[in-house]
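Here the structure comes first, spelled out in structure tokens, and everything after it is commentary.
The values are calculated or read from the model by the stated rules, or taken from the named source; none is laboratory data. As the structure is a computational prediction, the values presented were derived from the model and not from experiment. Virtual Cβ from ideal backbone geometry, glycine too; neighbours counted across all protein chains shown.
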């Protein structure tokens, strides 16, 4: 019978820019912090999954943490690397193959936009050579079409960014801790219209790690274990509107976020209305808006009103990206999904400091989306609630 | 394509994507022999019905603008326009819905947000987007708004 799984330790290496510190060192720091939180040592870990996009093999962390013979599997799943690592550790513990596991992600990207190579993604060279293979273009094209179909205006794009930086200013671990006013965001330089400079997150550096074990023994390791109610990864479907697509099918299909989200709610036996605090992939303002509806938290087109009336603020009905999200934290691709999980754990433990969601939240939700069309969703619950 | 024809054609980044009929370019993709789904560029198999029998398909040279953006910063490699930060010219990018319903991603000849609107009629063209290190112009497929009156061209 499948076992219930709990998170018993979380550890973060702050996101940002850290000259002279390798991505791997940041990953090792995160694992050590997570183990400390779980009151465990590395030699007790029986399985590890981890990844980075630009900072080397995650397995190399063993050289820092200890050569204990632990099965350590490298994960390379773009922005969903952390979510995929987490889902894999959970599967290992559920199956009984391991009692204690670690999921870790870290990264260190060069400055500026990503420059993927077409052949690595099954595409032809001309697609990159002629200037069509940019993730920022995709987010802009998807946002532009979404705004057209659902009556969203630029006001909503500005408000997402404004809230992200407002929350970031409350988070001592955020990269960007300065609030930005409406005008500063609305008039920032265009990157890929309708998206502007402060509506995009930046590639960054950082590390994030989570320690898990079977729920029945969780309290031995941490006084406030967080139960994993669902952890789901889904890839794109024929016809869904994804990044790195030289063409889109005539008939549009739902995004992998929609199928991942539905499967996660089903697995957890709860609905969007039960969630008290949520992390939604905000690579850019437009993505967060789209993801609010794709994850079932509102109807398409309803977002602008929710952003305006304060529903998505820390004290609102749908507190989104309470730590500032990708916009205020930047995106070290390998670590980003686990940062989301860590923020939700801190919120559910009641340890989120100045950004704590009031009312002792019980259920939390995380969602990542990345190239070439992969989404990971978790639903987490405060134990003993 | 015979030698006589290639001699008159510009250097293309993607010659296999573009066919010429009486001097007019059109986009070449493929169609699933089983379910009829259309692909661009030509695909080895159908991701909808999983059939692997595909036939070439001419997608045409006109469509409707389905979404758009402006590329406002110089892309890193593998972009090969040869431009630098100093002489970079922003360019439009869009998805153009072709008669079969497929939406093709393309550069746009217009980079002015005031002149682009979802739903506008677009026509295919072949235009230079950069130069090789040796100074030879490199061309690719580009869509331009169809202007009603001649002389109202949007080329900047």
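Every listed requirement among (1) more than 11 Å from chain A (Cβ to nearest Cβ); (2) surrounded by fewer than 20 Cβ atoms within 10 Å (Cβ to Cβ) is met by residue B:35 save one, (1).
When restricted to residues that are touching a residue at least 24 places away in the same chain (Cβ under 8 Å) and either part of a helix (DSSP H, G or I) or crowded, with 20+ Cβ neighbours inside 10 Å (or both), the stretch A:47-69 contains 13.
Selection of the stretch B:7-29 for residues being assigned to a strand (DSSP E or B) and within 11 Å of another protein chain (Cβ to nearest Cβ) yields B:12, B:18, B:27, B:29.
Of the set (1) surrounded by fewer than 21 Cβ atoms within 10 Å (Cβ to Cβ); (2) farther than 30 Å from residue A:237 by Cβ, all apply to residue A:361 but (1). Annotation for the stretch B:132-145: at least one member residue is touching a strand residue (DSSP E or B) at 6+ places or on another chain (Cβ under 9 Å), at pLDDT below 95 and closer than 25 Å to residue A:120 by Cα.
Among the residues of the stretch A:27-46, are any assigned to a strand (DSSP E or B) and free of Cβ contacts under 8 Å to residues at least 40 places away in the same chain?
no
Taking the condition of being part of a helix (DSSP H, G or I) and within 15 Å of the chain's Cα centre (by Cα), how many residues in the stretch A:279-288 meet it?
So the answer is 3.
Mind listing whichever residues of the stretch A:246-278 are free of Cβ contacts under 8 Å to residues at least 60 places away in the same chain and not in a helix (DSSP H, G or I)? Selection gives A:247, A:248, A:249, A:250, A:251, A:252, A:253, A:254, A:269, A:271.
Within the stretch B:113-122, is there a residue that is surrounded by 18 or more Cβ atoms within 10 Å (Cβ to Cβ), over 16 Å from residue A:193 (Cβ atoms) and within 7 Å of chain A (Cβ to nearest Cβ)? No, that holds for no residue.
When residue B:110 is tested against (1) touching a residue at least 40 places away in the same chain (Cβ under 8 Å); (2) within 11 Å of another protein chain (Cβ to nearest Cβ), exactly one condition is not met: (2).
Here the condition is being within 14 Å of another protein chain (Cβ to nearest Cβ) and either assigned to a loop (DSSP other than H, G, I, E, B) or surrounded by 16 or more Cβ atoms within 10 Å (Cβ to Cβ) (or both); of A:162, A:177, A:144, it holds for A:144 alone.
Just so you know, in the stretch B:51-74 the residues that are within 18 Å of the chain's Cα centre (by Cα) and under 17 Å from residue A:192 (Cβ atoms) include one that is farthest from the other protein chains (Cβ to nearest Cβ), and it is B:65.
The rows are residues; the columns are (1) within 11 Å of chain B (Cβ to nearest Cβ); (2) buried (at least 19 other Cβ atoms within 10 Å of the Cβ); (3) touching a helix residue (DSSP H, G or I) at 6+ places or on another chain (Cβ under 6 Å).
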site: A:195; (1), (2), (3): yes, yes, yes
site: A:212; (1), (2), (3): no, yes, yes
site: A:221; (1), (2), (3): no, yes, no
site: A:225; (1), (2), (3): no, yes, yes
site: A:234; (1), (2), (3): no, yes, yes
site: A:240; (1), (2), (3): yes, yes, no
site: A:245; (1), (2), (3): yes, yes, no
site: A:251; (1), (2), (3): yes, no, no
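Given the structure, is residue B:101 farther than 28 Å from residue A:120 by Cβ, at the interface with chain A (Cβ under 7 Å from one of its Cβ atoms) and exposed (fewer than 15 other Cβ atoms within 10 Å of the Cβ)? When the stated conditions are applied, residue B:101 passes them. Considering the stretch A:77-112, the residues that are part of a loop (DSSP other than H, G, I, E, B) and touching a helix residue (DSSP H, G or I) at 6+ places or on another chain (Cβ under 6 Å) include one that is nearest to the other protein chains (Cβ to nearest Cβ), namely A:77.
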